Amino acid sequence: MYLTMESCCMAIKANANPINVSNGRSNGGTVFWGESISGGLKSKDFGTQLWKSLTAENGVKKVKPGVAYSVLTPDIDKETMKFQAPIFETPQADPKNVASIILGGGAGTRLFPLTSKRAKPAVPIGGCYRLIDVPMSNCINSGIKKIFILTQFNSFSLNRHLARTYNFGNGVNFGDGFVEVLAATQTPGEAGKKWFQGTADAVRQFVWVFEDAKAKDVEHVLILSGDHLYRADYMDFVQKHIDSNADITVSCLPMDDSRASDYGLVKINGTGRIVQSAEKPKGPNLNAMQVDTSILGLSAQDAARYPYIASMGVYVFKTDVLLKLLTRSYPSCNDFGSEIIPSAVKEHNVQAYLFNDYWEDIGTIKSFFDANLALTEQPPKFEFYDPKTPFYTSPRFLPPTKVDKCRIVDAIISHGCFLRECSVRHSIVGVRSRLESGVELEDTMMMGADYYQTESEIASLLAEGKVPIGVGQNTKIRNCIIDKNAKIGENVIISNSDDVQEAERPQDGFYIRSGITVIMKNATIKDGTVI
(Lines give C-alpha, C1' and ligand atoms only; values in the text may rest on other atoms or scores of the structure.)
Protein backbone atom coordinates (compact mmCIF):
# COMPACT_ATOMS: atom_id res chain seq x y z
CA MET A 1 0.00 0.00 0.00
CA TYR A 2 1.22 3.55 -0.63
CA LEU A 3 0.14 6.57 1.37
CA THR A 4 0.11 10.05 -0.12
CA MET A 5 0.26 13.20 1.93
CA GLU A 6 0.45 16.87 1.08
CA SER A 7 4.09 17.12 2.07
CA CYS A 8 5.63 13.66 1.81
CA CYS A 9 5.12 10.08 0.74
CA MET A 10 6.09 7.01 2.70
CA ALA A 11 6.38 3.34 1.78
CA ILE A 12 4.69 0.86 4.11
CA LYS A 13 6.44 -2.43 3.48
CA ALA A 14 5.33 -5.93 4.40
CA ASN A 15 8.92 -7.21 4.56
CA ALA A 16 12.00 -5.52 5.99
CA ASN A 17 14.33 -4.05 3.41
CA PRO A 18 17.91 -2.83 3.65
CA ILE A 19 18.16 0.80 4.74
CA ASN A 20 20.77 3.37 3.97
CA VAL A 21 22.32 5.16 6.91
CA SER A 22 23.17 8.79 6.43
CA ASN A 23 26.52 10.14 7.53
CA GLY A 24 24.91 12.24 10.20
CA ARG A 25 22.90 15.31 10.58
CA SER A 26 24.54 18.48 11.78
CA ASN A 27 22.93 21.00 14.02
CA GLY A 28 25.25 23.76 15.14
CA GLY A 29 28.15 22.16 16.92
CA THR A 30 26.58 18.75 17.49
CA VAL A 31 26.04 15.76 15.24
CA PHE A 32 23.91 12.67 15.77
CA TRP A 33 23.83 9.25 14.17
CA GLY A 34 20.56 7.41 13.93
CA GLU A 35 18.62 5.43 11.41
CA SER A 36 17.32 7.40 8.45
CA ILE A 37 15.47 5.67 5.61
CA SER A 38 16.45 7.06 2.24
CA GLY A 39 14.35 5.07 -0.14
CA GLY A 40 12.55 1.78 0.17
CA LEU A 41 11.72 -1.44 -1.67
CA LYS A 42 15.43 -1.62 -2.66
CA SER A 43 15.23 1.41 -4.91
CA LYS A 44 16.26 4.96 -4.07
CA ASP A 45 14.03 6.37 -6.81
CA PHE A 46 11.05 4.17 -5.95
CA GLY A 47 9.17 6.93 -4.08
CA THR A 48 9.84 9.61 -6.70
CA GLN A 49 8.75 7.41 -9.64
CA LEU A 50 5.67 6.23 -7.80
CA TRP A 51 4.64 9.76 -6.85
CA LYS A 52 4.94 10.85 -10.48
CA SER A 53 2.89 7.89 -11.74
CA LEU A 54 0.18 8.55 -9.17
CA THR A 55 -0.07 12.31 -9.56
CA ALA A 56 0.10 12.83 -13.31
CA GLU A 57 -1.27 11.01 -16.28
CA ASN A 58 -2.09 13.14 -19.34
CA GLY A 59 -1.83 16.14 -17.03
CA VAL A 60 -4.71 14.90 -14.85
CA LYS A 61 -4.22 14.50 -11.09
CA LYS A 62 -5.03 10.90 -10.13
CA VAL A 63 -4.75 11.22 -6.35
CA LYS A 64 -5.98 13.48 -3.63
CA PRO A 65 -3.80 14.35 -0.65
CA GLY A 66 -4.71 12.56 2.58
CA VAL A 67 -6.09 9.47 0.80
CA ALA A 68 -4.59 5.94 0.71
CA TYR A 69 -4.48 3.98 -2.60
CA SER A 70 -3.49 0.48 -3.57
CA VAL A 71 -0.34 0.63 -5.68
CA LEU A 72 0.85 -2.97 -5.65
CA THR A 73 -2.44 -4.31 -7.06
CA PRO A 74 -3.10 -2.37 -10.27
CA ASP A 75 -6.56 -3.89 -10.80
CA ILE A 76 -7.84 -2.00 -7.74
CA ASP A 77 -8.02 1.75 -8.35
CA LYS A 78 -10.52 2.83 -5.78
CA GLU A 79 -9.84 4.73 -2.57
CA THR A 80 -9.24 2.37 0.34
CA MET A 81 -9.25 4.73 3.34
CA LYS A 82 -9.11 8.37 4.26
CA PHE A 83 -7.04 9.91 7.06
CA GLN A 84 -5.76 13.21 8.36
CA ALA A 85 -2.40 14.24 6.89
CA PRO A 86 0.25 14.20 8.19
CA ILE A 87 0.01 11.32 10.66
CA PHE A 88 3.57 10.08 11.27
CA GLU A 89 5.46 12.78 13.15
CA THR A 90 8.23 12.51 15.73
CA PRO A 91 7.07 14.25 18.90
CA GLN A 92 8.77 17.56 19.64
CA ALA A 93 10.90 17.50 22.77
CA ASP A 94 9.28 19.67 25.44
CA PRO A 95 11.49 21.02 28.26
CA LYS A 96 8.50 20.79 30.62
CA ASN A 97 8.70 16.98 30.33
CA VAL A 98 12.41 16.85 31.18
CA ALA A 99 14.05 16.86 34.61
CA SER A 100 17.78 17.08 35.11
CA ILE A 101 19.82 15.53 37.91
CA ILE A 102 23.21 17.15 38.53
CA LEU A 103 25.58 14.84 40.40
CA GLY A 104 27.67 16.62 43.03
CA GLY A 105 30.48 14.08 42.70
CA GLY A 106 32.50 12.18 45.26
CA ALA A 107 35.16 13.41 47.67
CA GLY A 108 37.10 15.04 44.80
CA THR A 109 40.44 13.53 45.89
CA ARG A 110 42.08 14.27 42.52
CA LEU A 111 41.21 17.98 42.94
CA PHE A 112 42.55 18.11 46.50
CA PRO A 113 43.46 20.54 48.16
CA LEU A 114 40.89 22.67 46.26
CA THR A 115 38.21 20.28 47.60
CA SER A 116 39.46 20.17 51.22
CA LYS A 117 36.69 22.53 52.37
CA ARG A 118 34.23 22.48 49.46
CA ALA A 119 32.42 20.07 47.12
CA LYS A 120 33.82 19.65 43.62
CA PRO A 121 30.99 21.59 41.88
CA ALA A 122 31.66 24.56 44.22
CA VAL A 123 35.28 25.00 43.05
CA PRO A 124 35.71 28.52 41.57
CA ILE A 125 36.52 28.75 37.86
CA GLY A 126 37.05 31.51 35.30
CA GLY A 127 37.47 34.31 37.86
CA CYS A 128 33.90 34.66 39.14
CA TYR A 129 32.02 31.40 38.42
CA ARG A 130 31.81 28.02 40.13
CA LEU A 131 31.76 24.67 38.33
CA ILE A 132 28.08 24.10 39.20
CA ASP A 133 27.20 27.22 37.17
CA VAL A 134 28.07 25.30 33.95
CA PRO A 135 25.33 22.59 34.05
CA MET A 136 22.92 24.99 35.78
CA SER A 137 23.31 27.64 33.06
CA ASN A 138 23.09 25.01 30.30
CA CYS A 139 19.80 23.78 31.83
CA ILE A 140 18.36 27.31 32.09
CA ASN A 141 19.43 28.18 28.52
CA SER A 142 17.88 24.89 27.29
CA GLY A 143 14.56 25.75 28.97
CA ILE A 144 14.87 22.92 31.54
CA LYS A 145 13.61 24.20 34.86
CA LYS A 146 13.12 21.03 36.91
CA ILE A 147 16.56 20.56 38.43
CA PHE A 148 17.74 18.23 41.20
CA ILE A 149 21.27 18.49 42.62
CA LEU A 150 22.63 15.51 44.58
CA THR A 151 25.27 16.42 47.17
CA GLN A 152 27.23 14.47 49.75
CA PHE A 153 30.71 15.84 50.53
CA ASN A 154 31.57 19.28 51.96
CA SER A 155 28.34 20.72 50.57
CA PHE A 156 28.08 23.89 52.70
CA SER A 157 29.58 26.37 50.18
CA LEU A 158 27.77 24.65 47.29
CA ASN A 159 24.40 24.95 49.05
CA ARG A 160 25.08 28.58 49.93
CA HIS A 161 26.00 29.42 46.32
CA LEU A 162 22.88 27.65 44.97
CA ALA A 163 20.63 29.47 47.45
CA ARG A 164 22.13 32.86 46.57
CA THR A 165 22.09 32.33 42.82
CA TYR A 166 19.19 30.08 41.86
CA ASN A 167 16.46 30.48 44.45
CA PHE A 168 13.05 31.94 43.56
CA GLY A 169 12.99 35.32 45.28
CA ASN A 170 16.57 36.34 44.56
CA GLY A 171 18.83 35.70 41.57
CA VAL A 172 17.50 33.74 38.59
CA ASN A 173 13.69 33.43 38.51
CA PHE A 174 12.38 29.97 37.61
CA GLY A 175 8.64 30.56 37.26
CA ASP A 176 6.99 27.14 37.60
CA GLY A 177 10.35 25.32 37.81
CA PHE A 178 12.42 24.40 40.85
CA VAL A 179 15.94 23.70 42.04
CA GLU A 180 16.00 21.00 44.72
CA VAL A 181 19.20 20.14 46.60
CA LEU A 182 19.02 16.48 47.65
CA ALA A 183 21.72 15.87 50.27
CA ALA A 184 22.78 12.35 51.21
CA THR A 185 20.78 11.44 54.28
CA GLN A 186 20.01 8.42 56.42
CA THR A 187 16.65 6.72 55.98
CA PRO A 188 14.99 3.76 57.76
CA GLY A 189 16.26 0.26 57.02
CA GLU A 190 19.73 -1.22 56.58
CA ALA A 191 20.30 0.24 53.09
CA GLY A 192 19.33 3.68 54.37
CA LYS A 193 22.36 3.83 56.66
CA LYS A 194 24.83 4.00 53.77
CA TRP A 195 26.20 7.06 52.00
CA PHE A 196 25.87 7.26 48.21
CA GLN A 197 27.87 4.32 46.84
CA GLY A 198 28.17 5.75 43.31
CA THR A 199 26.36 7.83 40.68
CA ALA A 200 23.53 5.33 40.13
CA ASP A 201 23.11 4.62 43.83
CA ALA A 202 22.77 8.36 44.52
CA VAL A 203 19.84 8.56 42.09
CA ARG A 204 18.38 5.28 43.41
CA GLN A 205 18.26 6.60 46.98
CA PHE A 206 16.04 9.43 45.76
CA VAL A 207 13.81 7.43 43.39
CA TRP A 208 10.81 8.35 45.55
CA VAL A 209 11.25 11.98 44.46
CA PHE A 210 10.15 11.02 40.93
CA GLU A 211 6.87 9.71 42.28
CA ASP A 212 6.27 13.16 43.77
CA ALA A 213 3.49 15.37 42.36
CA LYS A 214 6.04 17.88 41.01
CA ALA A 215 7.67 15.22 38.82
CA LYS A 216 4.49 13.62 37.47
CA ASP A 217 4.94 15.00 33.92
CA VAL A 218 8.61 14.05 33.62
CA GLU A 219 9.09 11.70 30.65
CA HIS A 220 12.88 12.00 30.28
CA VAL A 221 15.61 12.35 32.89
CA LEU A 222 18.90 14.04 32.07
CA ILE A 223 21.89 12.92 34.19
CA LEU A 224 24.63 15.58 34.33
CA SER A 225 27.98 15.91 36.03
CA GLY A 226 28.91 18.90 38.17
CA ASP A 227 32.57 19.09 37.09
CA HIS A 228 32.59 19.59 33.30
CA LEU A 229 33.22 22.74 31.26
CA TYR A 230 31.19 23.06 28.02
CA ARG A 231 28.21 24.83 26.47
CA ALA A 232 25.35 22.67 25.19
CA ASP A 233 21.68 22.78 24.22
CA TYR A 234 20.34 19.79 26.14
CA MET A 235 17.04 19.89 24.24
CA ASP A 236 18.89 19.05 21.02
CA PHE A 237 20.26 16.01 22.88
CA VAL A 238 16.76 15.06 24.13
CA GLN A 239 15.26 15.56 20.63
CA LYS A 240 17.71 13.07 19.11
CA HIS A 241 16.91 10.69 21.98
CA ILE A 242 13.22 10.89 21.02
CA ASP A 243 13.89 10.72 17.25
CA SER A 244 15.81 7.44 17.60
CA ASN A 245 13.27 6.02 20.09
CA ALA A 246 16.16 5.31 22.45
CA ASP A 247 15.75 4.02 26.00
CA ILE A 248 19.06 5.65 26.92
CA THR A 249 21.22 8.11 24.97
CA VAL A 250 24.86 8.67 25.89
CA SER A 251 26.62 11.89 24.90
CA CYS A 252 30.00 11.00 23.36
CA LEU A 253 33.02 12.64 21.77
CA PRO A 254 36.03 11.40 19.74
CA MET A 255 39.12 10.81 21.90
CA ASP A 256 42.85 10.40 21.26
CA ASP A 257 45.24 7.72 22.58
CA SER A 258 46.76 9.85 25.34
CA ARG A 259 43.56 10.33 27.37
CA ALA A 260 41.31 7.45 26.25
CA SER A 261 42.02 5.29 29.32
CA ASP A 262 40.69 8.05 31.62
CA TYR A 263 37.16 7.75 30.21
CA GLY A 264 34.39 5.28 29.62
CA LEU A 265 34.65 4.15 25.97
CA VAL A 266 31.90 2.84 23.67
CA LYS A 267 31.60 1.02 20.34
CA ILE A 268 28.68 1.75 18.02
CA ASN A 269 27.16 0.07 14.98
CA GLY A 270 26.21 1.75 11.71
CA THR A 271 22.93 3.09 13.14
CA GLY A 272 24.49 4.84 16.14
CA ARG A 273 23.43 2.15 18.60
CA ILE A 274 25.97 1.37 21.31
CA VAL A 275 26.95 -2.33 21.16
CA GLN A 276 29.78 -2.35 23.73
CA SER A 277 30.86 -0.19 26.65
CA ALA A 278 33.98 -0.30 28.86
CA GLU A 279 34.85 1.99 31.79
CA LYS A 280 38.46 3.32 31.81
CA PRO A 281 39.99 0.28 30.04
CA LYS A 282 43.78 -0.29 30.11
CA GLY A 283 46.25 -2.24 27.93
CA PRO A 284 44.71 -4.87 25.60
CA ASN A 285 41.20 -3.93 26.77
CA LEU A 286 41.89 -0.35 25.65
CA ASN A 287 43.09 -1.46 22.19
CA ALA A 288 39.96 -3.60 21.82
CA MET A 289 37.81 -0.44 22.09
CA GLN A 290 39.40 1.22 19.02
CA VAL A 291 36.90 2.01 16.26
CA ASP A 292 36.95 3.66 12.86
CA THR A 293 35.63 7.06 13.95
CA SER A 294 35.19 8.15 10.32
CA ILE A 295 31.64 6.69 10.70
CA LEU A 296 31.05 9.70 12.98
CA GLY A 297 31.74 11.99 10.03
CA LEU A 298 35.40 12.66 10.95
CA SER A 299 37.94 13.08 8.14
CA ALA A 300 40.40 10.20 7.58
CA GLN A 301 43.13 12.31 9.18
CA ASP A 302 41.06 13.11 12.30
CA ALA A 303 39.80 9.53 12.53
CA ALA A 304 43.42 8.35 12.77
CA ARG A 305 44.11 10.89 15.55
CA TYR A 306 40.93 10.07 17.48
CA PRO A 307 40.41 6.29 17.29
CA TYR A 308 38.14 6.07 20.35
CA ILE A 309 34.61 7.22 21.25
CA ALA A 310 34.51 8.45 24.86
CA SER A 311 31.41 8.87 27.01
CA MET A 312 31.05 12.35 28.50
CA GLY A 313 29.16 11.00 31.52
CA VAL A 314 26.05 12.85 30.31
CA TYR A 315 22.97 10.65 29.76
CA VAL A 316 19.28 10.96 29.00
CA PHE A 317 16.94 8.15 30.11
CA LYS A 318 13.27 7.48 29.55
CA THR A 319 11.96 7.94 33.10
CA ASP A 320 10.32 4.52 33.30
CA VAL A 321 13.48 2.83 31.95
CA LEU A 322 15.67 4.62 34.54
CA LEU A 323 13.39 3.58 37.43
CA LYS A 324 13.20 0.00 36.17
CA LEU A 325 17.00 -0.31 35.78
CA LEU A 326 17.71 1.12 39.23
CA THR A 327 15.04 -0.66 41.26
CA ARG A 328 14.28 -3.93 39.46
CA SER A 329 16.85 -4.90 36.80
CA TYR A 330 20.09 -3.92 38.57
CA PRO A 331 19.28 -3.01 42.20
CA SER A 332 22.88 -3.69 43.32
CA CYS A 333 24.68 -1.74 40.54
CA ASN A 334 26.01 1.52 41.96
CA ASP A 335 27.56 3.35 39.00
CA PHE A 336 26.13 4.46 35.64
CA GLY A 337 29.33 4.42 33.58
CA SER A 338 30.88 1.15 34.77
CA GLU A 339 27.78 -0.94 35.61
CA ILE A 340 24.34 0.33 34.48
CA ILE A 341 25.21 1.39 30.90
CA PRO A 342 27.33 -1.71 29.99
CA SER A 343 24.54 -3.97 31.36
CA ALA A 344 21.72 -2.04 29.67
CA VAL A 345 23.40 -2.23 26.24
CA LYS A 346 22.42 -5.92 25.96
CA GLU A 347 18.65 -5.48 26.14
CA HIS A 348 17.88 -1.77 25.64
CA ASN A 349 18.19 0.62 22.73
CA VAL A 350 21.20 2.66 23.91
CA GLN A 351 22.13 5.33 21.36
CA ALA A 352 25.24 7.50 20.98
CA TYR A 353 25.00 11.24 20.45
CA LEU A 354 28.17 12.91 19.23
CA PHE A 355 28.95 16.21 20.92
CA ASN A 356 31.33 17.89 18.52
CA ASP A 357 32.33 21.00 20.44
CA TYR A 358 34.58 22.12 23.31
CA TRP A 359 34.28 19.88 26.40
CA GLU A 360 36.66 19.43 29.30
CA ASP A 361 36.47 17.18 32.34
CA ILE A 362 37.74 19.23 35.31
CA GLY A 363 38.66 16.15 37.34
CA THR A 364 42.32 16.80 38.19
CA ILE A 365 44.46 19.76 39.29
CA LYS A 366 46.24 19.75 35.90
CA SER A 367 43.03 19.73 33.81
CA PHE A 368 41.54 22.44 36.08
CA PHE A 369 44.66 24.61 35.70
CA ASP A 370 44.93 24.14 31.93
CA ALA A 371 41.20 24.77 31.31
CA ASN A 372 41.32 28.01 33.32
CA LEU A 373 44.40 29.42 31.60
CA ALA A 374 42.98 28.42 28.19
CA LEU A 375 40.20 30.98 28.82
CA THR A 376 42.79 33.78 28.55
CA GLU A 377 44.01 32.79 25.07
CA GLN A 378 43.03 34.61 21.87
CA PRO A 379 40.80 33.32 20.44
CA PRO A 380 39.75 31.11 23.37
CA LYS A 381 38.49 27.56 22.73
CA PHE A 382 35.74 28.29 25.24
CA GLU A 383 34.38 31.51 26.70
CA PHE A 384 31.75 32.15 29.33
CA TYR A 385 30.37 35.14 27.46
CA ASP A 386 27.73 34.56 24.81
CA PRO A 387 24.81 36.98 24.42
CA LYS A 388 22.31 34.21 23.55
CA THR A 389 23.45 31.66 26.16
CA PRO A 390 24.96 33.52 29.11
CA PHE A 391 26.43 31.73 32.11
CA TYR A 392 24.87 32.68 35.44
CA THR A 393 26.51 33.04 38.82
CA SER A 394 25.95 34.64 42.20
CA PRO A 395 25.11 38.38 41.90
CA ARG A 396 27.81 39.96 44.09
CA PHE A 397 27.23 43.66 43.28
CA LEU A 398 30.94 44.48 43.27
CA PRO A 399 32.46 47.73 41.99
CA PRO A 400 34.48 47.75 38.75
CA THR A 401 38.15 46.80 38.99
CA LYS A 402 40.66 49.62 39.65
CA VAL A 403 43.93 49.44 37.69
CA ASP A 404 46.88 51.79 38.25
CA LYS A 405 49.96 51.74 35.94
CA CYS A 406 49.81 47.97 35.26
CA ARG A 407 50.93 45.78 32.38
CA ILE A 408 48.26 43.17 31.58
CA VAL A 409 48.68 40.67 28.72
CA ASP A 410 46.30 37.75 27.89
CA ALA A 411 44.54 37.89 31.24
CA ILE A 412 41.08 37.89 32.79
CA ILE A 413 40.57 40.39 35.63
CA SER A 414 37.35 39.84 37.61
CA HIS A 415 35.16 42.36 39.46
CA GLY A 416 36.16 44.41 42.46
CA CYS A 417 39.97 44.08 42.19
CA PHE A 418 42.73 46.57 43.05
CA LEU A 419 45.87 46.35 40.88
CA ARG A 420 48.77 48.76 41.50
CA GLU A 421 51.84 48.96 39.22
CA CYS A 422 51.96 45.19 38.67
CA SER A 423 52.43 42.82 35.72
CA VAL A 424 49.85 40.13 34.89
CA ARG A 425 50.50 37.72 32.02
CA HIS A 426 48.46 34.66 30.90
CA SER A 427 46.62 34.57 34.24
CA ILE A 428 43.19 34.80 35.83
CA VAL A 429 42.65 37.25 38.71
CA GLY A 430 39.52 36.41 40.72
CA VAL A 431 37.00 38.66 42.49
CA ARG A 432 38.20 41.13 45.18
CA SER A 433 41.89 40.40 44.45
CA ARG A 434 44.57 42.87 45.62
CA LEU A 435 47.93 43.00 43.81
CA GLU A 436 50.48 45.48 45.18
CA SER A 437 53.25 47.32 43.28
CA GLY A 438 56.04 45.25 41.76
CA VAL A 439 53.98 42.04 41.74
CA GLU A 440 54.54 39.75 38.73
CA LEU A 441 51.87 37.13 38.03
CA GLU A 442 52.42 34.67 35.18
CA ASP A 443 50.57 31.43 34.27
CA THR A 444 48.58 31.73 37.50
CA MET A 445 44.97 31.09 38.49
CA MET A 446 44.12 33.38 41.43
CA MET A 447 40.65 32.72 42.86
CA GLY A 448 40.35 36.00 44.79
CA ALA A 449 38.68 36.65 48.14
CA ASP A 450 35.29 36.25 49.83
CA TYR A 451 35.50 39.64 51.55
CA TYR A 452 37.37 42.94 51.58
CA GLN A 453 39.76 44.29 54.19
CA THR A 454 39.61 48.08 54.60
CA GLU A 455 42.64 50.29 53.99
CA SER A 456 42.94 50.88 57.77
CA GLU A 457 42.79 47.12 58.48
CA ILE A 458 45.52 46.48 55.89
CA ALA A 459 47.70 49.28 57.35
CA SER A 460 47.37 47.98 60.91
CA LEU A 461 48.15 44.39 59.83
CA LEU A 462 51.31 45.57 58.02
CA ALA A 463 52.32 47.64 61.06
CA GLU A 464 52.04 44.50 63.24
CA GLY A 465 54.17 42.52 60.75
CA LYS A 466 51.14 40.43 59.65
CA VAL A 467 50.08 39.68 56.08
CA PRO A 468 46.80 41.05 54.64
CA ILE A 469 44.69 39.19 52.02
CA GLY A 470 46.14 39.51 48.53
CA VAL A 471 49.68 39.60 47.12
CA GLY A 472 52.30 41.87 48.73
CA GLN A 473 54.89 44.13 47.07
CA ASN A 474 57.57 42.74 44.72
CA THR A 475 56.28 39.17 44.90
CA LYS A 476 56.89 36.98 41.83
CA ILE A 477 54.46 34.10 41.16
CA ARG A 478 54.28 31.67 38.23
CA ASN A 479 52.66 28.29 37.47
CA CYS A 480 50.44 28.50 40.52
CA ILE A 481 46.84 28.17 41.75
CA ILE A 482 46.04 30.58 44.61
CA ASP A 483 42.90 29.56 46.52
CA LYS A 484 40.45 32.02 48.13
CA ASN A 485 41.51 34.45 50.88
CA ALA A 486 45.22 33.56 50.62
CA LYS A 487 47.59 36.01 52.30
CA ILE A 488 50.87 36.22 50.37
CA GLY A 489 53.52 38.53 51.81
CA GLU A 490 56.13 40.84 50.29
CA ASN A 491 59.22 39.68 48.32
CA VAL A 492 57.87 36.12 48.03
CA ILE A 493 58.95 33.92 45.10
CA ILE A 494 56.66 31.04 44.05
CA SER A 495 58.13 29.44 40.94
CA ASN A 496 58.93 25.77 41.76
CA SER A 497 62.31 26.29 40.07
CA ASP A 498 63.39 22.72 41.01
CA ASP A 499 60.40 21.37 39.02
CA VAL A 500 59.13 19.25 41.92
CA GLN A 501 56.12 17.24 40.67
CA GLU A 502 54.42 16.27 43.94
CA ALA A 503 54.81 17.73 47.45
CA GLU A 504 52.67 18.02 50.59
CA ARG A 505 53.43 21.00 52.84
CA PRO A 506 50.09 21.91 54.44
CA GLN A 507 51.91 23.31 57.50
CA ASP A 508 53.51 25.85 55.12
CA GLY A 509 50.23 26.54 53.33
CA PHE A 510 50.82 24.78 50.00
CA TYR A 511 50.83 21.55 48.01
CA ILE A 512 52.44 20.75 44.66
CA ARG A 513 50.40 18.68 42.21
CA SER A 514 51.66 17.74 38.69
CA GLY A 515 54.33 20.45 39.05
CA ILE A 516 51.69 23.13 39.85
CA THR A 517 51.99 24.94 43.20
CA VAL A 518 48.61 25.16 44.98
CA ILE A 519 48.36 27.78 47.76
CA MET A 520 45.64 26.60 50.15
CA LYS A 521 42.48 28.50 51.07
CA ASN A 522 43.08 31.01 53.94
CA ALA A 523 46.82 30.16 53.92
CA THR A 524 49.48 32.68 54.96
CA ILE A 525 52.79 32.81 53.04
CA LYS A 526 55.19 34.96 55.06
CA ASP A 527 57.38 37.75 53.66
CA GLY A 528 60.49 36.57 51.82
CA THR A 529 59.33 32.94 51.42
CA VAL A 530 60.73 31.04 48.41
CA ILE A 531 58.78 28.04 47.08
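The values are calculated or read from the model by the stated rules, or taken from the named source; none is laboratory data. It should be emphasised that the depicted structure is a prediction, and the values quoted were computed from it without experimental measurement. Please note: Cβ atoms are built from the backbone with ideal geometry, for glycine as well, and neighbour counts cover all protein chains shown. Note: areas computed on protein heavy atoms with side chains; ligands, DNA, RNA excluded. Shrake-Rupley method; radii C 1.70, N 1.55, O 1.52, S 1.80 Å.
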The one condition in (1) open to solvent by 70 Å² or more (accessible area, probe 1.4 Å); (2) hydrophobic (A, V, I, L, M, F, W, C); (3) at pLDDT below 95 that V403 fails to fulfil:
(3)
Of the residues that sit in the range 459-478 and are in a loop (DSSP other than H, G, I, E, B) and open to solvent by 90 Å² or more (accessible area, probe 1.4 Å), which one is farthest from A449 (Cα to Cα)?
E464
Taking the condition open to solvent by less than 10 Å² (accessible area, probe 1.4 Å), more than 16 Å from G127 (Cβ to Cβ) and modelled with pLDDT of 95 or more, does I428 pass?
no
Looking at (1) within 18 Å of K366 (Cβ to Cβ); (2) open to solvent by 20 Å² or more (accessible area, probe 1.4 Å); (3) touching a Lys or Arg at 6+ places or on another chain (Cβ under 6 Å), find the lone condition where E440 falls short.
(1)
Which of the following residues is hydrophobic (A, V, I, L, M, F, W, C) and open to solvent by 10 Å² or more (accessible area, probe 1.4 Å): I481, I516, I531?
I531
For the range 100-118, which residues satisfy the criterion of being of a type in the set (A, V, I, L, M) and at pLDDT below 85?
A107
Under 8 Å between Cβ atoms, which residue pairs at least 6 apart in sequence (or on different chains) link something in the range 317-337 that is of a type in the set (D, E) with a partner that is open to solvent by less than 40 Å² (accessible area, probe 1.4 Å)?
D335/G198; D335/A200; D335/D201
Consider V321 carefully, then state whether it is at pLDDT 90 or above and in a helix (DSSP H, G or I).
yes
Residue pairs, Cβ under 8 Å, 6 or more apart or interchain, first in the range 88-116 and free of Cβ contacts under 8 Å to residues at least 12 places away in the same chain, second in a loop (DSSP other than H, G, I, E, B) and open to solvent by less than 40 Å² (accessible area, probe 1.4 Å). List them.
T109/T115
Can you pull out every residue in the range 336-351 that is crowded, with 17+ Cβ neighbours inside 10 Å and not in a helix (DSSP H, G or I)?
V345, H348, N349, V350, Q351
Taking the residues in the range 292-309 that are crowded, with 18+ Cβ neighbours inside 10 Å and in contact with a Phe, Trp or Tyr (Cβ under 9 Å, 6 or more places away or on another chain) as candidates, determine which candidate is modelled with the highest pLDDT.
Y308
Exclusive hit being open to solvent by 10 Å² or more (accessible area, probe 1.4 Å), farther than 30 Å from D256 by Cα and either under 25 Å from the mean Cα position of the chain (by Cα) or of a type in the set (D, E) (or both), set T364, T454, T393:
T393
Can K476 be described as over 29 Å from the mean Cα position of the chain (by Cα), under 28 Å from D370 (Cβ atoms) and touching a residue at least 12 places away in the same chain (Cβ under 8 Å)?
yes
The range 113-147 - residue that is hydrophobic (A, V, I, L, M, F, W, C) and open to solvent by 10 Å² or more (accessible area, probe 1.4 Å) and, of those, nearest to T393 (Cα to Cα)
C128
